[in-house]
Amino acid sequence: MPQTYNLPAQFDASCRVWVFISDRKLSATESAWANEQLAQFTATWQTHGQTMNATGFVFEDLALVLVANEEGVKASGCSMDKINHEVKRISEEIGINCLDRMNTLVQENGEWILARYDANEQRRCITAATLALGAVIG
């Protein structure tokens, strides 16, 4: 069943997006737990003492996604390091690998499936380099 993403209005197409694709599909229990962890992280995520306007969610039980509206506060190198530490922590707890940048998602018959990076991929694709929110949920 496709998931819906009830993102607040401040998270539009101009927001910055980080996508961490898992090496396997998460169970419903794992996705729910990861969603809770991402919510806790983004509620306290700061850069240089300023709270980031951010949210996070599990996409299609296949990827961890963080979204930041950087209109007021921009993510710094240190705050981006915090993302990597949190994703690593969540990944280790669940027993997945979300830091392999060769993991991709491709859309096949209206469904997102795991794949390995292929420069010649013709299907709609999400990679670790995806930057636009519309590419993830649109």
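For this structure, a couple of remarks:
- Single residue of the stretch 24-53 satisfying the filter (in contact with a strand residue (DSSP E or B) (Cβ under 6 Å, 6 or more places away or on another chain) and in a loop (DSSP other than H, G, I, E, B)) that is modelled with the highest pLDDT: W45
- Long-range neighbours under 6 Å by Cβ, at least six apart or interchain, first residue of a type outside the set (A, V, I, L, M, F, W, C) within the stretch 110-125, second part of a loop (DSSP other than H, G, I, E, B): R116/M102; Y117/M102
- Enumeration of residues in the stretch 113-131 that are within 21 Å of L38 (Cα to Cα) and either at pLDDT 95 or above or surrounded by 13 or more Cβ atoms within 10 Å (Cβ to Cβ) (or both): I126, T127, A128, T130
- Considering residues of the stretch 21-31 that are under 14 Å from the mean Cα position of the chain (by Cα) and among the small types (G, A, S) only, the residue surrounded by the most Cβ atoms within 10 Å (Cβ to Cβ): S22
- For the stretch 1-23, a residue qualifies if it is of a type outside the set (G, A, S), in a loop (DSSP other than H, G, I, E, B) and at pLDDT 90 or above, and exactly one does: D23.
- If only residues of the stretch 39-57 that are aliphatic (A, V, I, L, M) and surrounded by fewer than 22 Cβ atoms within 10 Å (Cβ to Cβ) are counted, the one that is nearest to G95 (Cα to Cα) is A39.
- Residues in the stretch 96-133 that are touching a strand residue (DSSP E or B) at 6+ places or on another chain (Cβ under 6 Å), β-branched (V, I, T) and assigned to a loop (DSSP other than H, G, I, E, B): T127, T130.
- Selection within the stretch 82-106 - out of contact with any Lys or Arg (no Cβ under 7 Å at 6 or more places or on another chain) and hydroxyl-bearing (S, T, Y): S91
- Test set (1) in a helix (DSSP H, G or I); (2) free of Cβ contacts under 8 Å to residues at least 24 places away in the same chain; (3) of a type in the set (A, V, I, L, M) - I90 fails condition number: (2)
The values are calculated or read from the model by the stated rules, or taken from the named source; none is laboratory data. Remember, it's a predicted structure, so these values are computed and weren't measured experimentally. FYI the Cβ positions are ideal-geometry reconstructions off the backbone, even for glycines, and counts take in every protein chain you see.
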